[in-house]
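Report on the structure given below.
The values are calculated or read from the model by the stated rules, or taken from the named source; none is laboratory data. Keep in mind that this is a model prediction, so the values were computed, not measured. Quick reminder, even Gly has a Cβ in these numbers, built from the backbone with ideal geometry, and neighbours come from all protein chains shown. The area values use the complete protein model at the heavy-atom level, side chains included, leaving out ligands, DNA and RNA. Shrake-Rupley method; radii C 1.70, N 1.55, O 1.52, S 1.80 Å.
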Amino acid sequence: MNPPPLLAVVTIPRDVIWSTLVAGAVLAIWLVATSLRGEWSRARGLDKLILLGPLFYAAPLAAFGTEHFTRAELIASIVPEWMPWHHFWAYFVGACFIAAGLSLVTRIQARLAASLLAVTFFLFVVLMDIPGWAENPRNRFALTLALRELSFSGGALALAASLATGPGERGRDIRATIARYFIAVPVLVYSVQQFMHGDHVPGVPLNRLTPEYVFGHGVWTYLTAFVYALTGSLLLLGKRTRAAATWLGLTVLLVVLVVYVPIGVVDRGSIDKGFNFLADTLMYCGAILLLAGAMPREASLREPSASVLQPGG
């Protein structure tokens, strides 16, 4: 039997509640900041979707930062053994994630925060994810995690490039290009994984079967795999990159709404089985939309106004 609504709320674990509250606070701040800047009213068409990129990236990031405090023992246990002060790094990174999330939605030192996030996630890949995968190269989920962190690094790097001002256009282009590869390669690998394992969840193909209660079930995994193959190829080749990243982000957002929101509701009592799957995929969507905002407009579609992610919009 399903518990009454009040009982369902009361039985939600403390770590889920805190992560949800922090993510909700970031959402509220983004709504106020976006309204004050007038960006939503100026954006047209799919540029409104791109405008959501910083929110989709920042809210889960701050929620994950909160977990560094509510689940400090677990987070400290995955810090590499050769590093001292495991608990210090757990708390420090958690505080940085929360601060960075707030920075991205308020635009206060956002370029600096995005640059540091790009470096941080790249270090995660080099220092933890790749060594973990190297211990068992046949573990496709370890590879999935490494590529996910690389995508997070790419999204932050793309935002840093889009917020760059003044001289140094070549430097901005180089950062945007690196970000494009950081996202394109994981997308193509994920496409292959999802074609081969259609019974697993789509988006970021982690170690979970798609629940039977999800409408359409495995259809979403194969549909996502097809879109990943098409858009990932365009991103890798540098063709119609803004449109490819935008439609890719829209696809992942659809997956979040259709697959991961139901998972988050049904498994609301577990931060690992419910909340983290939802937040993780939403952040991946945000990284892709941040890349879209850093990509140039095609000449035939160019508008007088600059990208909605550019300072002054």
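Annotations for the structure displayed:
- Pairs of Cα atoms nearer than 8 Å and 6+ residues apart set the relative contact order; for the range 83-152 it is 23 percent.
- Expected 222 nm ellipticity per residue - DSSP helices of 4 or more, -39500 (n - 2.57), all of the chain, to 500: -22500 deg cm²/dmol
- At full extension, residue 88 and residue 174 could sit 27.5 nm farther apart than now, given 0.36 nm per residue minus the alpha carbon distance.
- Kirkwood Rh (inverse of mean 1/r, distinct Cα pairs), the range 59-98, angstrom: 9.8 Å
- Take every pair of alpha-carbon atoms less than 8 Å apart whose residues are at least six positions apart; their mean separation over the length of the range 34-183 yields a relative contact order of 18 percent.
- Of all the options 269, 155, 45, the one that moves most in a Gaussian network model of the chain with Cα springs shorter than 10 angstrom is 45.
- For the chain, the longest piece that avoids every one of the GluC sites (Glu not before Pro) found in DSSP loops with at most 14 other C-beta atoms within 10 Å covers 82-211.
- Residue 207 sits among other residues whose Cβ lies under 13 Å from its own Cβ, and their net charge, with Lys and Arg +1 and Asp and Glu -1, is +1.
- When 151, 115 are compared by accessible surface with a 1.4 Å probe, the order from highest to lowest is 115, 151.
- Once the convex hull of all Cα atoms in the range 13-54 is built, its volume per residue stands at 63 Å³.
- Hull shadow area, averaged, the range 1-137 [alpha-carbon convex hull, nm²]: 12.3 nm²
- Note on the chain: GNM, Cα springs under 10 Å; of 80, 131, 262, the largest mean-square fluctuation is that of 80.
- With every protein chain in place and a 1.4 angstrom probe, the accessible-area ranking of 180, 42, 175, largest first, reads 42, 175, 180.
- Rounded to the nearest 10 Å², the accessible area of residue 172 at probe 1.4 Å: 50 Å²
- Tail weight of P(r) past 23 Å, computed on alpha-carbon pairs of the range 189-282, percent: 23 percent
- Considering only alpha-carbon pairs that sit under 8 angstrom and 6 or more positions apart, the relative contact order computed for the chain is 21 percent.
- Semi-axes of the equivalent ellipsoid for the range 240-294, Cα gyration tensor, largest first, Å: 26, 10, 5
- Of 207, 136, 276, the one that fluctuates the most in a GNM where the chain has Cα springs shorter than 10 Å: 136
- When the range 9-78 is reduced to its Cα atoms, the Kirkwood hydrodynamic radius in Å: 13.7 Å
- The range 52-119: Cα Rg divided by the 2.2 N^0.38 Å rule of thumb: 1.15
- All C-alpha to C-alpha distances of the chain, sorted into 20 Å bins beginning at zero, yield P(r) values of 33, 60, 7, 0 percent in whole numbers.
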